[in-house]
Amino acid sequence: MTITPNAATTPTTVPGAYMRAEIAEQPYRWLDLIDWKRPALEAAAGLIREAEPQLLVFAARGSSDHAAIYGQYLAHNLLGVPALLATPSTVTAFGTELRYPASVMLAVSQSGESPDLLDTVRAAKRAGVPIVAFTNNEMSPLAALGEVHVPLMAGTELSVAATKTYTAELLTLYVVLSLAAGLAWNDVASQVRIAVNAATSVLKDTAPIVADLAEKLTAVERILVVGRGYSMSTAKEGALKLMETNAIAASGWSAADATHGPLGQVVESTPVIVLTASPAGRDSVERFASAAAMLGGRMIIVGPGGDDNAEHVPLAALDSAGLDTALIPLLEIIPLQQLALALSLATGKNPDLPAGLNKVTKTL
């Protein structure tokens, strides 16, 4: 019998114990998804294919919003269909009822309970838009609203900071949209298994590097994280993890957007994390890194490249034979999760219970 990491068996008295366990168990939860939820994944893909949508609408909040950004790129690149992020305030603050072209809404939420997200989904249903719900709670109101519900299979997440539910969202979107694009189940499942093996290596390889890096960053008050393309979701989610667990001003940007303004926050010794693993957009990320370095930024390269003046977190496992580059965000977020955990502990905090935050956030 194989015993896999499980945060539910972790003692509650050790700061960061839940987050540490939940980071470690991610690859096993990905296997659970493809091993146990093939019918739901195929049903969701089938709904999208049969609807022949002219538009995909993603409804999400928080970390799930970052997963939805990843889903946007997948929709464009796999289906050739425009995709946008819903704006819940349109429904809840303005009371506006929208008209949609032939559309499908993909509603992504770990808890499936946020009132504004639920109102957004109900409004889309009133407009005749079919819903695919992705949640980690099969009994949630959002799950009940979906014509199809895809369980994330992440297991109970006890740390306030989302880690395994976030990567589960990325993976379910990847699988569903790949199947909707006509890829065969066996080919998609094979890609997931390649990613699982690569993630297992990343978890082991990056842990000591990140632990050393965290000790060097204990005095920082702000961090900039930059990526592009598929990695833009990683930049935003990585910054959120650092912000919520460490009470620092961290922000995540596309390299293109960062050049228009956020570059101005870089002064001498400002930590700048650049994500270079995704081939598409890497050139612009590297150009931004050069500009930030000229301003005195402290460069931290996650992925290939970099020089002797930069801190470097290599991701050698991304060279795994046959790995779909669209799966890179599942892997490159891991060292940023580890950094958020390690930095929080190094500064005497408990990343499982950040001050002022709750596990389920119910926005109106």
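The values are calculated or read from the model by the stated rules, or taken from the named source; none is laboratory data. Everything numeric in this text was worked out from a predicted model, so none of it was measured. Heads up, the Cβs are rebuilt from the backbone with ideal geometry, glycines too, and the neighbour counts pull from every protein chain shown. Only protein heavy atoms, including side chains, enter the accessible area calculation; ligands, DNA and RNA are left aside. Shrake-Rupley method; radii C 1.70, N 1.55, O 1.52, S 1.80 Å.
Simple point charges give the picture: +1 on the Cβ of Lys and Arg, -1 on the Cβ of Asp and Glu, and for the chain a dipole about the Cα centre of about 500 debye. If you take all other residues with their beta carbon under 9 Å from the beta carbon of LEU145, and give Lys and Arg +1 and Asp and Glu -1, the sum is +1.
So what's the angle, to the nearest 10 degrees on a 0 to 90 scale, between helix 115-126 and the longest Cα principal axis of the chain? So the helix axis and the longest Cα principal axis differ by about 40 degrees. Here the stretch 28-185 exposes an accessible surface that is 52 percent carbon and sulfur, computed with a 1.4 Å probe and the other protein chains kept in place.
Can you pull out the GluC sites (Glu not before Pro) in the stretch 192-278 whose DSSP state is coil and whose Cβ has at most 13 other Cβ atoms within 10 Å? Here the GluC sites (Glu not before Pro) that fit, given the DSSP loop and packing criteria, are GLU221, GLU268.
What does the C-alpha gyration tensor say about the overall shape of the stretch 263-355? Classify as rounded when a/c is under 1.5, otherwise prolate if a/b is larger than b/c, or oblate. Since a/c reaches 1.5 but b/c is at least a/b, the shape of the stretch 263-355 is classed as oblate. Among the listed pairs LYS125/LYS241; LYS164/LYS241; LYS37/LYS125; LYS37/LYS164, those with a Cα-Cα distance over 21 Å are LYS125/LYS241; LYS37/LYS125. Within the shell of other residues whose beta carbon sits under 11 angstrom from the beta carbon of GLU22, the net charge comes to 0, with Lys and Arg scored +1 and Asp and Glu -1. Counting only protein heavy atoms and a 1.4 Å probe, the chain has 41 square angstrom of accessible area per residue. Using only Cα atoms, find the angle between the long axis of helix 63-74 and the longest principal axis of the chain, and express it within 0 to 90 degrees, rounded to the nearest 10. Once rounded, the angle reads 70 degrees.
Sorting the segments 163-174, 344-355, 147-158, 91-102 by their residues' average number of neighbouring beta-carbon atoms within 10 angstrom, most packed first, yields 163-174, 147-158, 344-355, 91-102. Summing +1 for each Lys or Arg and -1 for each Asp or Glu among the other residues whose beta-carbon sits under 11 angstrom from that of VAL226 gives +1.
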